[in-house]
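See below for the structure under consideration.
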Amino acid sequence: MLSPGRARPAPDASENAVFRGRALPWVFLLPSLLILAVFIYLPALQTLRLAAYRANVILGTEQFVGLANFAELLSSPAYRQVALQTLVFTVLTVTFGLLLSLGLAWLASRPVRGASTYRLLLIYPYALSPAIAGTLWLFLFNPEIGVVNALLGELFGVRPRWLDTPVLAFGLVTLAAIWKGLAYNIVFYLASIQNLPGDVMEAAEIDGATPAQVFWRVAFPLLSPITFFLVFTNIIAALFDSFALTDILTRGGPYTGNAGATTFLVYQLYQDGFVNFRTGAAAAQAALMLALVAFVTWMQFRLGERRVHYGS
Amino acid sequence: MAVKHPAAPSARADRAAPRSRRARGVWVTHAALIVAILIISAPLIFAVIKSTQTSSVVLSPSLLPGGAFLQNLSGVWEDAHLGRYMRNSLVVAVCVTAGKTLLALLAALAFVYFRFPLKGAAFTLVLLSLMLPTEVLIIALFDLVSRDLKWANTYAAIIVPFLASATGTFLFRQHFLSIPTSLADAARIDGCGPLRYLTHILIPMSTNTIGALAVIQFVYAWDQYIWPLVIMQQDDKQVVQVGLRKLIEVGGQTDWGAVMAGAVITALPPLIVFTALQKQFSRGFALTEDK
């Protein structure tokens with residue numbers, strides 16, 4: 001998770017060299033840099049290398065195959081289906097997750113009695129893990145004993161097979177992911193709304209703007225940096241945090257077309273790497289995902305600098 | 001997030017509006033917030049209620065609380081090893097949180113108060129690591145940790161790789177930059193070294209940032225799932241998130257009352273940390289927001 005502050009990659013000129021010492025700063029940096037080098041950068045390079053091999057991490061076998069892994073992936077209907085599902089899932093969770101969070105944060109920012117309690121109750125679910133979320137939803141939407149179907153059966157006489165019907169399972173995982181992400185987004189939106197310049201909005205009201213106009217014409221543009229930041233953190237969350245949720249809730253299923261309806265890129269990566277032990281194929285998928293994350297981050301910096309209103 | 005009361009525009013609009021319209025607006029806000037909170041917390045409320053019901057009631061749609069919580073809990077605590085999973089998760093989350101905070105403080109100290117060659121490159125190296133999530137590296141990381149380091153089934157495997165924190169380094173750097181340098185100059189003239197400056201001046205001035213980060217890092221470490229799932233083959237070192245999966249997996253007959261009791265207990269430690277550090281969390285973020 002990044003900070004919503006101005007993300008400038010290079011240290012700026014305002015830093016002063018207060019303390020002297022050539023080796024000292026490196027001593028302070030060494031633990032962090034060492035861990036990053038060994039557990040992040042080395043595995044990243046190794047992933048790129050493994051992607052060019054037909055390998056099995058359990059047997060310890062390796063055979064150089066060049067770009068064959070990538071060619072196989074990109075021509076595989078199952079992988080294309082998984083990629084498409086991931087895209088749809090990501091777009092849905094990010095769009096609806098952010099709209100809902102913004103609405104709720106805006107509502108909770110109104111100065112009504114007990115507002116701080118409301119805010120607290122809205123952000124508490126942040127402490128829930130994706131695995132717990134999956135467990136709760138699994139029980140709630142259990143076709144036979146879940147309370148949702150008990151209610152639906154009572155009211156409308158329907159008892160959908162949530163986890164066996166591809167569309168329903170997909171919708172369920174998407175809803176659960178949106179629900180899980182709400183609190184995190186609300187935290188950042190609340191903080192940003194509290195930092196909005198009151199005088200600008202007051203001026204708009206004096207000029208006769210309605211509350212809706214103030215929101216869409218004044219507040220919403222001013223909230224664009226945080227929205228922008230959240231779009232990208234939410235994309236990353238949809239790509240990766242969905243793993244525990246789908247693993248517990250649906251196990252990537254139910255099977256439809258060429259793959260499980262709720263099998264997303266990271267779940268497929270895990271399946272190939274640790275269930276089917278196709279290490280090379282999994283590494284190639286990891287390499288593609290690395291490229292995807294790099295692209296998303298690049299977009300974030302590029303678009304973020306240009307289009308987003310960063311306040312004063 | 002109750003630190004600063006927002007000067008929300010609606011407040012001022014309401015003030016100008018007729019009294020009845022304002023009163024109705026307030027009422028609608030209350031109602032909307034209550035409904036939203038009820039919907040959002042429904043799965044949680046449901047879990048808490050179900051965790052108290054006996055195994056005969058738990059499968060019925062009944063939403064009346066029962067008195068079997070402790071019985072449900074003791075079932076999973078001993079028989080399904082929830083107690084052991086919780087202890088493992090606690091050890092890991094505390095170590096990761098403490099380690100990340102310490103390492104990030106030291107790194108930020110170097111970045112803000114020293115001038116040295118390759119500083120920009122080092123900072124970029126820290127920041128770029130944000131682009132490399134564990135999930136993507138998991139294949140190669142598994143190879144490294146289990147084959148080369150032979151750490152499979154040790155706590156080290158789920159602690160050490162996560163000790164460096166780009167987020168922490170970045171936030172501490174931002175915070176240190178907001179502290180006047182004259183303070184550091186004065187400290188240095190008085191013969192205070194960088195480490196003493198860190199422990200005596202910077203850390204006491206950074207409690208909100210430390211608290212905010214501690215919440216994020218504890219929750220992150222507590223929620224770890226995919227990495228422990230693959231690297232911990234031995235059950236006695238497994239973390240509680242993966243343990244939950246095993247509670248459900250027991251076979252055809254899932255004891256849902258016990259599972260819900262397990263889920264409720266598993267949710268507690270992050271909630272406790274969150275509650276304890278709620279003020280710091282809010283302030284820490286308000287401070288690091290760009291204004």
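What to note about this one:
- Residue ranking by accessible heavy-atom surface, 1.4 Å probe, largest first, among B:W151, A:W162, B:W256 comes out as B:W151, A:W162, B:W256.
- Efficiency of FRET from Cβ geometry, B:R196 and B:V57, R₀ 41 Å, rounded to 0.05: 0.10
- Two numbers describe the Cα atoms of the stretch A:138-182: Rg and Dmax, which are 10.8, 31 Å.
- Of B:A108, B:S55, B:I226, farthest towards positive along the dipole that unit charges on Lys, Arg, Asp, Glu beta carbons give chain B: B:A108
- Considering only A:G280, B:M86, A:Q194, the residue lying farthest towards the positive end of the dipole of the protein assembly as shown is A:Q194, judged by Cα position with unit charges set on Cβ.
- Each of B:C95, B:C192 has its accessible area taken with a 1.4 Å probe; listed largest first, they run B:C95, B:C192.
- The spacing between the stretch A:182-244 and the stretch B:246-278, judged by their C-alpha centroids, is 33 Å.
- Greater than 32 Å apart at Cα, pairs in A:K180/B:K246; B:K119/B:K150; A:K180/B:K279: B:K119/B:K150
- Cβ-based charge dipole, the protein assembly as shown, positive-most Cα from A:F243, A:V27, A:F141: A:V27
- Inter-centroid distance (Cα atoms) of the stretch A:65-113 relative to the stretch B:40-104, Å: 29 Å
- Take each residue in A:262-270, count the other chain C-beta atoms within 10 Å of its C-beta, and the mean is 2.
- R0 of 60 Å, Cβ-Cβ distance A:L42-A:R159: FRET efficiency to nearest 0.05: 0.70
- Test item: Cα-centred dipole of the stretch B:166-250, Lys/Arg +1 and Asp/Glu -1 on Cβ, debye: 120 debye
- Convex hull (Cα only) mean projected area of the stretch B:68-115, reported in nm² to one decimal: 4.1 nm²
- Neighbouring partner chain Cβ atoms per residue of B:261-271, average, 10 Å criterion: 4
- Counting Cβ atoms of other protein chains within 10 Å of each Cβ in B:221-227 and taking the mean gives 5.
- Solvent-free Debye scattering, log10 I(q)/I(0), computed from the Cα coordinates of chain A at q = 0.10, 0.12, 0.13 Å⁻¹: -0.76, -1.02, -1.13
- Hull volume per residue, based on the alpha-carbon atoms of the stretch A:79-197 and their convex hull, is 139 Å³.
- Nearest-10 value in Å² for the accessible area of B:R283, using the 1.4 Å probe: 100 Å²
- In whole angstrom, the protein assembly as shown maps to an equivalent ellipsoid with semi-axes of 36, 35, 24, each derived as √(5λ) from the alpha carbon gyration tensor and ordered largest first.
- Contact order, relative form, for chain A: 27 percent (alpha carbon pairs under 8 Å, 6 or more residues apart, mean separation divided by residue count).
- Helical runs (DSSP H, four residues minimum) scored at -39500 (n - 2.57) apiece and divided by the length of the protein assembly as shown put the mean residue ellipticity at 222 nm at -20500 deg cm²/dmol.
- For chain B, the Cα gyration tensor yields ellipsoid semi-axes of 39, 34, 16 Å (square root of five times each eigenvalue, largest first, whole Å).
- Net dipole in debye of the stretch A:161-231 [+1 Lys, Arg Cβ; -1 Asp, Glu Cβ; about Cα centre; nearest 20]: 420 debye
- Given R0 = 35 Å, the distance between the Cβ atoms of B:S178 and B:A276 translates into a calculated FRET efficiency of 0.90.
- Here the protein assembly as shown is assigned +1 on the Cβ of each Lys and Arg and -1 on the Cβ of each Asp and Glu. Its dipole about the Cα centre then comes out at about 1260 debye.
- Using C-alpha pairs below 8 Å separated by at least 6 residues, the relative contact order for the stretch A:171-312 is 24 percent.
- Area of B:K246 that stays accessible when all protein chains are in place (1.4 Å probe, Å², to 10): 70 Å²
- Area of B:V91 that stays accessible when all protein chains are in place (1.4 Å probe, Å², to 10): 60 Å²
- Using the Karplus relation 6.51 cos²θ - 1.76 cosθ + 1.60 with θ = phi - 60°, the per-residue 3J(HN,Hα) values for the stretch B:264-272 come to 5, 5, 5, 6, 5, x, x, 4, 5 Hz, with x marking Gly and Pro.
- Cα-based convex hull volume of the stretch B:72-199 per residue, rounded to whole Å³: 174 Å³
- Accessible-area composition of the stretch A:184-277, carbon plus sulfur, in percent [1.4 Å probe]: 59 percent
- Order of exposure, largest accessible area first, which applies to B:T97, B:T199 with probe 1.4 Å: B:T199, B:T97
- Length gained on full extension, A:F96 to A:E144: 14.4 nm, using 0.36 nm per residue less the C-alpha separation.
- Calculated from backbone phi, Karplus (6.51, -1.76, 1.60) coupling profile of the stretch B:168-174 in Hz, x at Gly/Pro: x, 4, 5, 5, 5, 4, 4
The values are calculated or read from the model by the stated rules, or taken from the named source; none is laboratory data. Quick caveat: nothing in here was measured; it's all calculated off a predicted structure. No Cβ is skipped: glycine too gets one built from the backbone with ideal geometry, and neighbour counts run over all protein chains shown. Only protein heavy atoms, including side chains, enter the accessible area calculation; ligands, DNA and RNA are left aside. Shrake-Rupley method; radii C 1.70, N 1.55, O 1.52, S 1.80 Å.
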